1. Which condition number in (1) away from ligand 2 (no atom under 16 Å from the Cβ); (2) over 16 Å from the mean Cα position of the chain (by Cα); (3) open to solvent by less than 30 Å² (accessible area, probe 1.4 Å) is the one that Arg328 fails?
2. Given the conditions (1) farther than 20 Å from Arg238 by Cα; (2) touching a Lys or Arg at 6+ places or on another chain (Cβ under 6 Å), report the number of the one that Gly292 does not fulfil.
3. Using beta carbons and a limit of 8 Å, which pairs, at least six apart or on different chains, have the first residue in the range 1-26 and in a loop (DSSP other than H, G, I, E, B) and among the β-branched types (Val, Ile, Thr) and the second one modelled with pLDDT under 95 and open to solvent by 10 Å² or more (accessible area, probe 1.4 Å)?
4. Given the condition open to solvent by 40 Å² or more (accessible area, probe 1.4 Å), under 20 Å from Arg238 (Cα atoms), modelled with pLDDT of 95 or more and more than 16 Å from ligand 2 (Cβ to nearest atom), answer yes or no: does some residue in the range 303-312 qualify?
5. For Thr275, all conditions in the list (1) closer than 23 Å to Lys203 by Cα; (2) within 13 Å of ligand 1 (Cβ to nearest atom) hold save one; what is the number of the exception?
6. Collect the residues in the range 107-122 that are open to solvent by less than 20 Å² (accessible area, probe 1.4 Å) and more than 16 Å from ligand 1 (Cβ to nearest atom), keeping them in residue-number order.
7. Can you tell me which of Arg127, Arg108, Arg64 is at pLDDT below 95 and either touching a Leu at 6+ places or on another chain (Cβ under 9 Å) or at negative phi (or both)?
8. If I filter the range 232-258 down to residues being within 16 Å of ligand 1 (Cβ to nearest atom) and of a type in the set (Val, Ile, Thr), which single residue comes out as nearest to Arg202 (Cα to Cα)?
Amino acid sequence: MIVAMQENATEDQIFAVIETMEEAGVSVHRTTGASQTILAGVGPTAKIDLGIFEVLPGVENVHRISVPYKLAGRAFRPEGTVVKFPNGASIGGKQVAIIAGPCAIENREQIFTIAKCVKDAGGQFMRGGAFKPRSSPYSFQGLGIPGLELMHEAAEANGLMTITEVMEISQIEPMMPYTDCFQVGARNFQNFNLLRELGQVRKPVLLKRGIAATIEELLLSAEYIMAGGNYDVILCERGIRTYETATRNTMDISAIPVVKKLSHLPIAGDPSHGTGRRDMVPPMAKAAVAAGADAILIEIHPNADKAASDAAQTLYLDQFQKLITELRVIATAVGRTL
Ligand code: PEP
Ligand code: MN
């Protein structure tokens with residue numbers, strides 16, 4: 001259920017409503033928007049008579065949420081979520097954020113060269129995997145924590161935030177000092193124990209859509225994180241598996257406006273995994289920005305063909321620089337900046 005408070009509702013009135021909701025047996029999630037406080041009640045709300053809340057002082061309206069994702073749904077934050085980071089960057093505002101970096105962190109020179117390139121292109125976030133979910137157990141599995149130390153150092157030297165994939169609960173704690181945003185990859189997007197644990201963390205989470213996931217399943221996975229009180233979730237469209245074999249995955253551009261309609265959470269477009277092909281990355285990056293993506297996630301490498309993972313979809317640094325220049329034109333055309 002959603003209780004929308006009046007614009008001028010006092011803190012005392014808000015607390016009184018929260019108390020009444022808790023007495024009725026629901027747990028309350030509060031969001032304080034620019035003009036209005038919204039209280040979402042989750043739990044056994046079907047049996048509750050909403051009339052008892054409608055008459056409380058300061059309440060504007062009360063309604064049930066018909067969708068299964070109560071906190072990830074638009075109604076919880078009608079004005080949209082902006083996820084803010086310590087370097088002043090944000091994801092979900094007017095500016096389309098640039099997240100770029102290698103698929104995997106390989107060595108010091110690689111990661112420092114890339115960090116400088118991301119910064120020079122005007123990017124705010126650096127990505128790079130240290131724990132890699134490879135399809136084959138014989139492929140490069142990542143450098144682990146020493147790799148994250150390298151990326152953190154390179155990012156800090158260039159004023160960038162870091163995003164990196166977490167694969168299991170035991171990695172969260174040791175990763176904490178080196179990551180500004182935890183990525184949950186396509187293969188783990190329904191690892192509900194991991195999602196619950198990330199709900200307890202007070203750092204943003206970038207949640208990728210699963211390889212065969214519906215948009216509703218993506219939003220329900222976000223709900224697992226949010227139910228723990230971590231509302232800083234960024235969704236990511238990274239392509240789904242279809243019968244098409246011309247590309248590695250089929251990048252579902254339409255997921256971007258669908259998510260924008262159903263949810264208040266920001267959504268990133270990942271044309272690198274979305275297509276799996278270097279030549280297809282720029283056009284699909286442009287399509288994602290045109291469709292309303294709040295961030296764009298691109299794999300780059302100074303020696304792309306020799307990248308330790310995902311080489312075929314990785315852009316060379318000059319290709320990335322050119323793409324960013326082109327994306328700025330698209331962003332302007334759709335009323336955004338980049
Ligand atoms: C990645 O970002 O390198 C990655 C493994 O992504 P995905 O989970 O989308 O395959
Ligand atoms: Mn990759």
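The values are calculated or read from the model by the stated rules, or taken from the named source; none is laboratory data. Here the structure is a predicted model, which is why all the values come from computation and not from measurement. Neighbour counts are summed over all protein chains in view; Cβ atoms, including those assigned to glycine, are modelled from backbone coordinates with ideal geometry. Quick note on the areas: whole protein, heavy atoms, side chains included, nothing else; ligands and nucleic acids left out. Shrake-Rupley method; radii C 1.70, N 1.55, O 1.52, S 1.80 Å.
1. Condition not satisfied by Arg328: (3).
2. Only one criterion is unmet by Gly292, namely (1).
3. Every condition considered, the pairs that remain are Val26/Val42; Val26/Gly43; Val26/Pro44; Val26/Thr45; Val26/Ile48.
4. No; the residues of the range 303-312 include none that is open to solvent by 40 Å² or more (accessible area, probe 1.4 Å), under 20 Å from Arg238 (Cα atoms), modelled with pLDDT of 95 or more and more than 16 Å from ligand 2 (Cβ to nearest atom).
5. With (1) closer than 23 Å to Lys203 by Cα; (2) within 13 Å of ligand 1 (Cβ to nearest atom) applied to Thr275, the lone miss is (1).
6. Scanning the range 107-122 gives Ala115, Cys117, Ala121.
7. Step by step, each of Arg127, Arg108, Arg64 is checked, and only Arg64 is at pLDDT below 95 and either touching a Leu at 6+ places or on another chain (Cβ under 9 Å) or at negative phi (or both).
8. Val233
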